[in-house]
Amino acid sequence: MEKQFFMVYAEGQGAPTYKHENEQAASKEAERLAEKLGVNTTVLQAVKMVAPKDITKRVKTYADACAVLGIEPMNETVLAKLGFTKDEIAYRKLKTIAEALNEGWRPDWANSNEYKYWPWFVYNPARAGFSYALTHYAASYTNATVGSRLCYKTRELATYAGRQFEGLYNDFLLIKK
């Protein structure tokens, strides 16, 4: 279920601009604005939030991917105290991001007609890591350099992931001191 929120509209003042977490806070703000501006105010309750259809517009960060999937982000401090390394944490983040970007699609490795795409990186010491280079796909073969949890259903998603999350891929793929 989507989280409800409330907004206040003051007549003649344009669109409401501030989101309130509960009706009481919105009502208090409506009363304050009515007194201050001398106009009628209305408390509006969100009925439905409409998100962009393009998943790349909704997933720009690991936290966005968690929100799309309806899960809590990992507590990296706790994981580090438990002995998880930076690459292990990055891999878990990348798995979450891939799951969100793929919107329920899972690769069928028994289907050689289904393409599976992944970002391809070239090591660039000038940039202190890998740089996104291009996208590869697998149809009738699999490659030991790519895990099935980090592949994408389209070339465009693989390209986007490689560029947008290049830093996480560096954390995952490189041994850094």
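The values are calculated or read from the model by the stated rules, or taken from the named source; none is laboratory data. Every value quoted in this text rests on a predicted model; they were computed, and no experiment measured them. These accessible areas exclude ligands, DNA and RNA; they are computed on the full protein's heavy atoms, side chains included. Shrake-Rupley method; radii C 1.70, N 1.55, O 1.52, S 1.80 Å.
Against the criterion of solvent-accessible heavy-atom surface with a 1.4 angstrom probe, 85, 96 sort, most first, into 85, 96. Among the listed pairs 153/176; 86/176; 93/176; 57/86; 57/153; 93/153, give every one whose C-alpha distance is greater than 20 Å. Over 20 Å apart, Cα to Cα: 153/176; 57/86. Value of Rg to Rh for the stretch 21-129, rounded to two decimals, is 1.19; Kirkwood radius and Rg both from alpha-carbon coordinates.
Database remark: amide H of residue 121 closer than 5 angstrom to the amide H of 133 (H placed geometrically; neighbours at sequence offset of 5 or more, or on other chains; Pro and chain starts carry no H).
Note that the stretch 104-120 has calculated 3J(HN,Hα) couplings of x, 5, 10, x, 9, 6, 7, 9, 6, 8, 8, 6, 10, 10, 8, x, 10 Hz, one per residue in order, obtained from phi through the Karplus relation 6.51 cos²θ - 1.76 cosθ + 1.60 (θ = phi - 60°); glycine and proline are x.
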